[in-house]
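Participant: Please read through the structure below; I'll follow up with questions.
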Amino acid sequence: MVSTACQLEEGESGRKALKTDRIEAIKALSSHLVERFQKVLDDPILEAFSIFDVRKWPADKGVLKESYIDGIRLLYKTYKIFYAAEETEEMVLEQLEDLKAEINVPTLRTLTFHQLWANMLVQYADEYALVLRLVVISLLIPADTSECERIFSLMNDLKTAERNSMGQQNLKNLMLWHIMGYKTDAEGKKVKMPCCDVPVMAILKEFRSMAFENGGTLNRKAHRHRAAAVPTYEYEKHRAPVKAATSAASSAADE
């Protein structure tokens, strides 16, 4: 419990109480963080994925050969849906042994997780496809909440104070467009689609076909009131006196 007797004006005793309070606050914060994240860190699936952190592999080749087998079995059982019927657990383990020998060299073991596996996925995608499939799954697991925070930031950018009447469906569609509005360039890379490349006419055509597929109402209720007629204005009638006065003034000026 944090002491409530800390008063700096009490001199030496106040400084001691402040130091005690500071230590207790740090302990409480540390305990809260451990309690919050320990369940995640103790998850057996995440622990099994640690096999792909090669910097933690044992240096002895014999020990390395017998390591991580149970973890791979657990991952295969968990993500078996991503394997065909003929792709057995033993085939994955065989590829794992070959992959260990391929990676267990100083030049590769010093690379970071993303550097190593990005290189392996490009160069050995066919040779070690079964094991690398698990690597891809591990890369898809979010390590923090930054992706969720980006979604909220995008929502705030789109629905500003000036656009506060925007409906939820329109906001959802705009967010999907901003997130998924990509195209493939000449080199095969995904790049953000510029506004000039947006297929506006195709989108409008699809929207119109959807709007009129049910008699033009799109499951909306018809207007209760008939639209008021457009008001007319007898323009020439009111302009006649002005024209006459203008003509008379012009004639007088000419004379």
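Participant: Please express the shape of the range 93-215 as an equivalent ellipsoid: the semi-axes are the square roots of 5 times the eigenvalues of the C-alpha gyration tensor, given largest first in whole angstrom.
Facilitator: Here the semi-axes work out to 43, 20, 14 Å.
Participant: Then there is this: Over all Cα pairs of the range 117-161, how is the pair count split among 5 Å bins, expressed in % and running from 0 up to the last occupied bin?
Facilitator: Calculated P(r), rounded to whole percents: 5, 19, 18, 11, 10, 11, 10, 8, 5, 2, 1.
Participant: Taking every eigenvalue of the Cα gyration tensor of the range 28-145, multiplying by 5 and rooting it, what semi-axes result, largest first, whole Å?
Facilitator: Values: eigenvalues 130, 66, 42 Å².
Each semi-axis is the square root of five times an eigenvalue, giving 26, 18, 15 Å.
Participant: Summing Lys, Arg as +1 and Asp, Glu as -1, what charge do residues with Cβ under 15 Å from the Cβ of Leu171 carry, Leu171 excluded?
Facilitator: Net of charged neighbours comes to +1.
Participant: Lysines near Lys56 by alpha-carbon distance under 29 Å, same-chain residues fewer than 8 away left out - which ones?
Facilitator: Candidates past the 8-residue exclusion: Lys39, Lys65, Lys77, Lys80, Lys100.
Participant: Same structure again: Going from the alpha-carbon gyration tensor of the range 146-211, what semi-axes, largest first and in whole Å, does one get by taking the root of 5 times each eigenvalue?
Facilitator: Details: eigenvalues 107, 82, 19 Å².
Three semi-axes, in Å: 23, 20, 10.
Participant: Cross-link candidates for Lys19: which lysines have Cα within less than 25 Å, leaving aside residues fewer than 8 places away along the same chain?
Facilitator: List returned: Lys27.
Participant: Once the other residues with Cβ under 12 Å from the Cβ of Asp197 are scored (Lys, Arg +1; Asp, Glu -1), what is the net sum?
Facilitator: Its environment carries a net charge of +1.
Participant: Around Ala101, with a cut-off of 11 angstrom between Cβ atoms, what is the net charge of the other residues, counting Lys and Arg +1 and Asp and Glu -1?
Facilitator: 0
Participant: Which of the lysines could a cross-linker bridge to Lys172, judged by Cα under 30 Å and excluding same-chain residues fewer than eight apart?
Facilitator: Those lysines meeting the cut-off are Lys159, Lys183, Lys189, Lys190, Lys192, Lys205, Lys221.
None of the figures in this text is laboratory data; all of them are computed from the coordinates on show. Note that the structure is predicted; figures quoted are calculated from it, not measured. Because the Cβ atoms are built from the backbone with ideal geometry, glycine has one as well, and the counts that use them run over all protein chains shown.
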